[in-house]
Amino acid sequence: MAVYQHILIAIDFSENSVKALKKTLQLAAESHARIELIHVVDIPIYPVLEDVAVLGLPGIWDDEQAKSLMTLSEEKLKKWADKYQIENYKTIEGVPSSEITAIATVNKADLIVMGFHGLSGFRRLIGSTTHSVINNAPCDVLAIKLDG
Ligand code: AMP
């Protein structure tokens, strides 16, 4: 098996993320790889309710709410990074699958570790984020199964 040097681990704070993170630590220790931990915050741009848009009321996701969502996510990621002693971590705003693929490309990751599924979707099916990353990633992708 290839020896990886730069492992990108993407988490959504689900149960699967804990398992993926532990697997990453194990793999990194075996191959002396660097770990980069990321979480992507997908902030809706448009008001969630059509009525809000039609009536011209302020959107549910205004700037203040977006900022506080980013701050909460940053704090949560920092807690996870501290707990697992990972120094290189970042919270990014955007579409999770696109950002994970972009970061892996720019930072030249040679392995992406993710949950087979996460917070969304059916347990038995591969998650849409993981499916998209597998199709577009510039490197190997390891999808961790919760009951695997
Ligand atoms: P999903 O496809 O949403 O079921 O999630 C599958 C996996 O994609 C999760 O276990 C995470 O590893 C990753 N993932 C999903 N959403 C995010 C996110 N917002 N930020 C980082 N990784 C994510």
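The values are calculated or read from the model by the stated rules, or taken from the named source; none is laboratory data. Model, not experiment: these values are computed from the prediction. Every residue, glycine as well, gets a Cβ built from its backbone with ideal geometry; the counts of neighbours run over all protein chains shown.
Every condition in (1) over 25 Å from Tyr4 (Cβ atoms); (2) among the basic types (Lys, Arg); (3) without any contact (Cβ under 8 Å) to a residue 40 or more places away in the chain is met by Lys76 except one, and the failing one is (3). Just one of the listed residues (Val40, Val3, Val18) is at pLDDT below 95 and in contact with a helix residue (DSSP H, G or I) (Cβ under 6 Å, 6 or more places away or on another chain), and it is Val3.
This table checks each residue for (1) in a strand (DSSP E or B); (2) out of contact with any Asp or Glu (no Cβ under 7 Å at 6 or more places or on another chain); (3) within 15 Å of Asp42 (Cα to Cα).
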| position | (1), (2), (3) |
| --- | --- |
| Ala81 | no, yes, no |
| Lys90 | yes, yes, yes |
| Glu99 | no, yes, yes |
| Thr105 | no, yes, no |
| Val113 | yes, yes, no |
| His117 | no, yes, no |
| Ile126 | no, yes, no |
| Val133 | no, yes, no |
| Leu142 | yes, yes, no |
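The one condition from (1) within 16 Å of the ligand (Cβ to nearest atom); (2) touching a Phe, Trp or Tyr at 6+ places or on another chain (Cβ under 7 Å); (3) modelled with pLDDT of 95 or more that Ala33 does not meet is (1). For first residues located in segment 7-20 and polar (S, T, N, Q), partners that are in a loop (DSSP other than H, G, I, E, B) and crowded, with 23+ Cβ neighbours inside 10 Å and lie 6+ apart or on another chain with Cβ distances below 6 Å form the pairs Ser17/Ile11.
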